[in-house]
Amino acid sequence: MTTRSSDAERLLTTLARFNRWATRSAQVEHDIVVARLLSLVDELQPVRISTLAAADHTTQPTMTAHVRRLEDTGFLRREADPSDARASLISLSEAGTRALTDIRTARTAALLPHLDALTDADVATLTAAADVLDRILGRSAASA
């Protein structure tokens, strides 16, 4: 494996572990499926269920069930797609936006004591790394 390949693998593995740790450490009332779906809808909204399913690497029937469940809780809303009356667009409701904000706030609260224990230089390094990741995501979105 090349150095870049091993660097990429380590980065992805560490980010996945970090994300799981943040979710486990946060004091939230919603499960991981709710958090993941609310975040995905927030990123892509308004979005069709087929696009959500593809983005989450799941089937359309599975995604439809998840969306219905979150519609029933009042976290998502569905409206007709103006470009295709047979399709619907999914967006966060006000309650869904509040729930996602609560989840993100709880995850941030779980991380803060660990950031406070780091040096200013370490925090600056992490912030710079986040900037680099944002640039990668920006390029990825532009090419999609």
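The values are calculated or read from the model by the stated rules, or taken from the named source; none is laboratory data. All values derive from a computational prediction rather than experimental measurement. Cβ sites come from the backbone with ideal geometry, for glycine too, and all protein chains shown count toward neighbours. The area values use the complete protein model at the heavy-atom level, side chains included, leaving out ligands, DNA and RNA. Shrake-Rupley method; radii C 1.70, N 1.55, O 1.52, S 1.80 Å.
A compact table of results
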| quantity | calculated |
| --- | --- |
| Qualifying residues in the range 1-58 (those that are acidic (Asp, Glu) and within 11 Å of the chain's Cα centre (by Cα)) - the one farthest from Ala129 (Cα to Cα) | Asp56 |
| Options Thr125, Thr97; residue that is at pLDDT 95 or above, closer than 30 Å to Pro46 by Cα and in a helix (DSSP H, G or I) | Thr97 |
| Close pairs from the range 46-59: first within 13 Å of Glu79 (Cβ to Cβ) and among the aliphatic types (A, V, I, L, M), partner open to solvent by less than 20 Å² (accessible area, probe 1.4 Å) and modelled with pLDDT of 95 or more, Cβ under 7 Å, at least 6 apart | Val47/Val41; Val47/Ile90; Ile49/Met63; Ile49/Val67; Ile49/Ile90 |
| Residue satisfying condition, being open to solvent by 90 Å² or more (accessible area, probe 1.4 Å) and either of a type in the set (Lys, Arg) or within 17 Å of the chain's Cα centre (by Cα) (or both), within set Arg135, Arg107 | Arg135 |
| All positions within the range 43-77 that are outside any helix (DSSP H, G or I) and either farther than 17 Å from Gly96 by Cβ or touching a strand residue (DSSP E or B) at 6+ places or on another chain (Cβ under 6 Å) (or both) | Gln45, Pro46, Val47, Arg48, His57, Thr58, Thr59, Leu76, Arg77 |
| Count - residues of the range 22-32 that are touching a residue at least 24 places away in the same chain (Cβ under 8 Å) and open to solvent by less than 100 Å² (accessible area, probe 1.4 Å) | 6 |
